[in-house]
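Notes follow once the structure below has been shown.
The values are calculated or read from the model by the stated rules, or taken from the named source; none is laboratory data. Everything numeric in this text was worked out from a predicted model, so none of it was measured. Using ideal geometry, Cβ is built from the backbone for each residue, glycine included, and neighbour counts are taken over all protein chains shown. Please note that ligands, DNA and RNA were not included when accessible areas were found on the heavy atoms of the full protein model with its side chains. Shrake-Rupley method; radii C 1.70, N 1.55, O 1.52, S 1.80 Å.
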Amino acid sequence: MKAQLNHTLFADGERTGGFEAGTSSRLQSMNLPSLIDRPANWIALAGFMGTGKSRIGWELSRELSLHFVDTDKLISRVVGKTIPEVFAERGEGFFRACESEVVRRVTRLDYAVVSLGGGTFVHESNRRELLRRGPVVVLTATPETVYARTKNSDRPLLHVPDPLTRITELMREREGAYQHGTIHVHSDGRPSEEIVAEIVERLWDWQDTQADAQHEADAERTALDWQEVERACD
């Protein structure tokens, strides 16, 4: 299944636009060194559908001069079908396998903001890989806001008699997974520039925390090294 999926998604350079490493000048440019001062060179946006991941991700990428990758759009473009068509024709299992393969690929990139599908971060293997790669910003919104933003869309998971109740149930089910995100930002009733500004500020705080943790680790290693020296000299 995985070998077949790899071929379907990424072996065909023409269909993928050269996504495979080494075949695309655009991909190569995403791995070039950068002198721009940023809190992070790779950021993922997670959260439930309708929380604003695509729009905020795009604006965040512009703010930080990073490339933007939308995983749902990438899957749709490579498979050659819309997400609802993938669900209807191949099933949710195939779509989730596509998501996992895309996660494996996008975590290899540098200088990118990655907008994830609503269920991507819920799966533990995806979550571990994403958090290993860099900060994951989780966008949140109320069920009512999500419903207002998605009620006119063709979302496969909302093809039910009572979409608002389904949204509330799914959000409750996924809450535990979303809590593992690095940063949480609510998007209800806020202009996108305000949300982006908060994300950037909190990413700088995250970077400071990472630096402090690294300094503590370095100091601990140095202390252990000196203990070894002292024992050797006794």
Name the residue that is farthest from residue 128 (Cα to Cα), counting only residues in the range 65-78 that are in contact with a Phe, Trp or Tyr (Cβ under 9 Å, 6 or more places away or on another chain) and open to solvent by 10 Å² or more (accessible area, probe 1.4 Å). 65
Hey, any hits in the range 31-39 for a residue that's at pLDDT below 95, touching a helix residue (DSSP H, G or I) at 6+ places or on another chain (Cβ under 7 Å) and open to solvent by 10 Å² or more (accessible area, probe 1.4 Å)? no
Let me spell it out: the conditions are (1) closer than 27 Å to residue 181 by Cβ; (2) in contact with a helix residue (DSSP H, G or I) (Cβ under 9 Å, 6 or more places away or on another chain); (3) open to solvent by less than 20 Å² (accessible area, probe 1.4 Å); (4) modelled with pLDDT under 90, and residue 19 meets all of them except one. Which number is the exception? (3)
In the range 101-116, what residues are surrounded by fewer than 24 Cβ atoms within 10 Å (Cβ to Cβ) and in a loop (DSSP other than H, G, I, E, B)? 107, 108, 109, 110, 111
Tell me the residue from 203, 139, 170, 157 that is more than 27 Å from residue 76 (Cβ to Cβ), surrounded by 13 or more Cβ atoms within 10 Å (Cβ to Cβ) and in contact (Cβ under 8 Å) with a residue 60 or more places away in the chain, please. 203
Residue pairs qualifying under the 6 Å Cβ cut-off, at least six apart or on distinct chains, with the first in the range 57-79 being part of a helix (DSSP H, G or I) and the second being polar (S, T, N, Q) and at pLDDT below 95, are 76/82; 78/16
Taking the stated definitions as given, is residue 86 free of Cβ contacts under 8 Å to residues at least 40 places away in the same chain, among the hydrophobic types (A, V, I, L, M, F, W, C) and either buried (at least 20 other Cβ atoms within 10 Å of the Cβ) or part of a loop (DSSP other than H, G, I, E, B) (or both)? yes
Could you please let me know if residue 48 is under 30 Å from residue 209 (Cα atoms), open to solvent by 20 Å² or more (accessible area, probe 1.4 Å), in contact with a Gly (Cβ under 8 Å, 6 or more places away or on another chain) and modelled with pLDDT of 70 or more? no
